[in-house]
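For reference, the structure discussed in these notes is given below.
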Amino acid sequence: MKIGTVKEIKRYEYRVGLTPSNVKEYVSHGHEVYVQAGAGAGASFSSEEYIAAGATILSTAKEVWGTCDMIVKVKEPLPDEYPLMRENQIIYTYLHLAASRELTEAMLKSKSKAVAYETIEDKAGGLPLLRPMSEIAGKLSIQAGARCLEKPMGGRGVLLGGAVGVKKAECVIIGAGIVGTAAMKMAIGLGANVTVLDKSFDRLGYLDDVFGSRIQTMYSTNAAIEEVLPTADLVVGAVLIPGAKAPKLIRRHHLKLMKPGAVIVDVAVDQGGCCETTTPTYHDNPTFIVDDIVHYCVANMPGAVSQTSTTALTNATLDYGIKIANMGLEAAVKDDEGLKLGINCYQGKLTCKEVAEAFDMEYTSLSTLL
């Protein structure tokens, strides 16, 4: 199979879909790999390293898209890339289709085979390709939130860990999955008072057992959210429903309950955000203010630490990519039910039920197509 990766064109996205090490692995299995010139520069990988690993460098993204059977990316295709997608081409990347009807329709129109990192499941029901970026995004949410609390950034002028004789900041984390747990660890490490909300008693019990008095756990309800917002300095939205739009847990009227200069970091922005006032932002202009509340809503947070996040992501995506390349997509998904869940679009049909429900579009079971 001919495998390719291109330079990401999303603003301030520095990650890349394949590292030189990945290239070497694909080549060792007998596949051809094509890389757009400069694709890895943002993650500190040179074209010379890709060539040494066995890749062929092509000058433009158009050449790579036109040459390859499978495109391995990091972020979803953007409008400039829509015309480059073609029938039966495998597109293996983060898609987050529930956040964009336009992208969903473009994927269907192309009749490509769209494999979404974020909906592939392992045998335990976990999300192995979402996990590494979720962990990094969770850690970054606290770094970003701490920065946004500074007065020059529009925040309250509060230090998360406080100071001798000065009260610590109150950090509220909504969602206790991978993002929320990583955020919680960082917030604890910086000395904040941390409250974690979730719908799972089992998860809350586990965190309570492990972290004890260092955190406060609460069962997540509208009333509980309204209870914690008035004292919160930093709120992290870490909610995920795989493949579906994030629920709107923080409504516009809730902002009036919060202290002026408090900060919301909405990590769920890729799936539409869990805050009603969320609008996607970029690293060059990451925040905006609504009702005196600072919002940080960067949709590709891990892109800021591109070398770390590229390596973490491609470590996770490689085995599935090799499996698809070696067996072909159809045989691979018949062999792996978890990988099958990653197929969001197939030859013009929408095969992810959650996305179909988000846009009231026709859903087709992948099993009927294979």
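The values are calculated or read from the model by the stated rules, or taken from the named source; none is laboratory data. Small disclaimer: the values here were computed from a predicted structure and weren't measured. Don't worry about glycine lacking a Cβ; one is built from the backbone with ideal geometry, like all the others, and counts go over all protein chains shown. To get the accessible areas, we keep the full protein, side chains included, count just its heavy atoms, and leave off ligands, DNA and RNA. Shrake-Rupley method; radii C 1.70, N 1.55, O 1.52, S 1.80 Å.
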Provide the per residue accessible area, probe 1.4 Å, for region 1-131, rounded to a whole number of square angstrom.
40 Å²
Modelled FRET efficiency - R0 51 Å, Glu87 with Val290, Cβ distances, 0.05 increments
0.75
Fraction of accessible area attributable to carbon and sulfur, region 251-308 (%, probe 1.4 Å)
49 percent
Accessible-area order (highest first, 1.4 angstrom probe) of the listed residues Tyr34, Tyr26:
Tyr34, Tyr26
Toy charge model, Lys and Arg Cβ at +1, Asp and Glu Cβ at -1: region 305-370 dipole around Cα centroid in debye, rounded to 20, equals 160 debye
Translational diffusion coefficient of region 100-196 at 20 °C, 1.002 mPa s, Stokes-Einstein with Kirkwood Rh over Cα pairs, in µm²/s as a whole number.
136 µm²/s
If we count GluC sites (Glu not before Pro) as exposed when they sit in a DSSP loop and have at most 11 other beta carbons within 10 Å, what is the longest stretch of the chain that avoids them all?
88-361
Dipole check, the chain, charges on Cβ (K,R +1; D,E -1), about Cα centroid: among Pro242, Met85, Leu160 the Cα furthest to the positive pole belongs to Leu160
Per residue, how large is the accessible surface of region 230-301? Use a 1.4 angstrom probe and give square angstrom.
35 Å²
Can you put Val305, Val33 in order of accessible area, largest first, using a 1.4 Å probe?
Val305, Val33
Semi-axes (Å, rounded, descending) of the ellipsoid equivalent to region 278-370 per its C-alpha gyration tensor are 34, 22, 8
Please report the accessible area of Phe201 (heavy atoms, 1.4 Å probe, ligands and nucleic acids excluded) in Å², nearest 10.
140 Å²
Could you sort Tyr206, Tyr346 by accessible area so the largest value comes first, with the probe set to 1.4 Å?
Tyr206, Tyr346
Could you list, bin by bin from short to long, the percent of Cα-Cα pairs of the chain in 20 Å steps?
29, 54, 16, 0
Here the convex hull volume per residue of region 150-238, taken over Cα atoms and given in Å³, is 99 Å³
Mind jotting down the distance between the C-alpha centroids of region 322-343 and region 106-167, whole Å?
28 Å
Could you calculate the contour length gain from Phe201 to Glu362, that is, 0.36 nm times the residue separation minus the distance between their Cα atoms, to one decimal place in nm?
54.5 nm
Estimated 222 nm signal from helices in the chain, with DSSP H stretches of n ≥ 4 weighted -39500 (n - 2.57), rounded to 500
-9500 deg cm²/dmol
With every protein chain in place, region 1-154: carbon and sulfur % of accessible area (1.4 Å):
50 percent
With only Lys, Arg, Asp and Glu charged, each at its Cβ (+1 for the first two, -1 for the last two), find how big the charge dipole of region 7-145 is about the Cα centre; round to the nearest 20 debye.
220 debye
Mean separation of Cα contacts under 8 Å, 6 or more apart, over the residue count of region 141-225: relative contact order %
22 percent
Tell me, what is the 1.4 Å probe accessible area of Thr364, in Å² to the nearest 10?
20 Å²
Of Lys10/Lys139; Lys62/Lys340; Lys75/Lys340, which pairs sit farther than 26 Å apart, going by alpha carbon to alpha carbon?
Lys62/Lys340
With +1 at each Lys and Arg Cβ and -1 at each Asp and Glu Cβ, the charge dipole magnitude of the chain around its Cα centre, to the nearest 20 debye, comes out at 520 debye
